[in-house]
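What follows is one structure encoded as structure tokens, with my remarks underneath.
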Amino acid sequence: MSANSAEGTTRMDVLLVKAGRTKIRYGAELLADDGTRVVVRAPWAGEGVRDFGFVRFEPGDVFTEYYWRDRWYAVKEVRDSAGTLKGWYCDITRPAVRTGTELVVEDLDLDLWRSADGGDVRRLDEDEFADSGLAESDPSAAAAATAALDEVEALARGDGFAALLA
């Protein structure tokens, strides 16, 4: 199987790593892998409901997740069980690494939310990022992460998501 094909592999494990430890591991369906971008679909992998105040993730929600091997973020389209778009949750991460049926993504604490109508775009967890110590331990990674947050925010505030996720 080539990196440009999803042939023969429909199930993958997505591992979200934080500070060197697996934060969550969940099964997903591989939709596409063009060698640069990997797209998977998975049900909400959290336990119960996670209410952020501006959006709720809950059992039945479906995430179509876009990961890049050359970008410092992942974009997750979130739909409810009826298929209604809730919005996009963006994780700032190191570039994704796929090995066989595993996709490993290192979470760098920064996140961004864009509502379905585009009226609510918000940066999240900047305090956690500052507290992580990444700026001191790996300044180039910290700079890449903050640049990625700026980039994904600009895409979210404009019409950039359509082209990015097409």
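The values are calculated or read from the model by the stated rules, or taken from the named source; none is laboratory data. Because the structure is a prediction, the values reported are computed rather than measured. Cβ sites come from the backbone with ideal geometry, for glycine too, and all protein chains shown count toward neighbours. Surface areas here come from the heavy atoms of the whole protein model, side chains and all, with no ligands, DNA or RNA. Shrake-Rupley method; radii C 1.70, N 1.55, O 1.52, S 1.80 Å.
Observations on the structure shown:
- Yes/no for residue 19 being closer than 26 Å to residue 153 by Cβ, among the small types (Gly, Ala, Ser) and open to solvent by 10 Å² or more (accessible area, probe 1.4 Å): yes
- Sole residue being farther than 30 Å from residue 80 by Cβ and in contact (Cβ under 8 Å) with a residue 40 or more places away in the chain, chosen from 135, 148, 144, 156: 144
- Scan of region 76-104 for residues that are small (Gly, Ala, Ser), farther than 15 Å from residue 25 by Cβ and part of a loop (DSSP other than H, G, I, E, B), ordered by number: 81, 82, 83
- Residues being assigned to a helix (DSSP H, G or I) and either charged (D, E, K, R) or open to solvent by less than 20 Å² (accessible area, probe 1.4 Å) (or both) - total across region 135-159: 12
- Test: residue 10 is open to solvent by 70 Å² or more (accessible area, probe 1.4 Å), among the hydroxyl-bearing types (Ser, Thr, Tyr), at pLDDT 95 or above and more than 18 Å from the chain's Cα centre (by Cα): no
- Residue check for residue 107: assigned to a strand (DSSP E or B), out of contact with any helix residue (DSSP H, G or I) (no Cβ under 9 Å at 6 or more places or on another chain), closer than 24 Å to residue 17 by Cβ and modelled with pLDDT of 95 or more: yes
- Considering region 38-75, the residues that are closer than 24 Å to residue 150 by Cα and in a loop (DSSP other than H, G, I, E, B) include one that is least open to solvent (accessible area, probe 1.4 Å), namely 55.
- Region 115-132, subset open to solvent by less than 30 Å² (accessible area, probe 1.4 Å) and modelled with pLDDT of 95 or more, residue farthest from residue 77 (Cα to Cα): 129
- Whichever residue in region 32-69 is under 22 Å from residue 94 (Cβ atoms) and among the aliphatic types (A, V, I, L, M) and, among such residues, is modelled with the lowest pLDDT: 45
- Options 85, 103; residue that is closer than 28 Å to residue 147 by Cα and either buried (at least 17 other Cβ atoms within 10 Å of the Cβ) or free of Cβ contacts under 8 Å to residues at least 12 places away in the same chain (or both): 103
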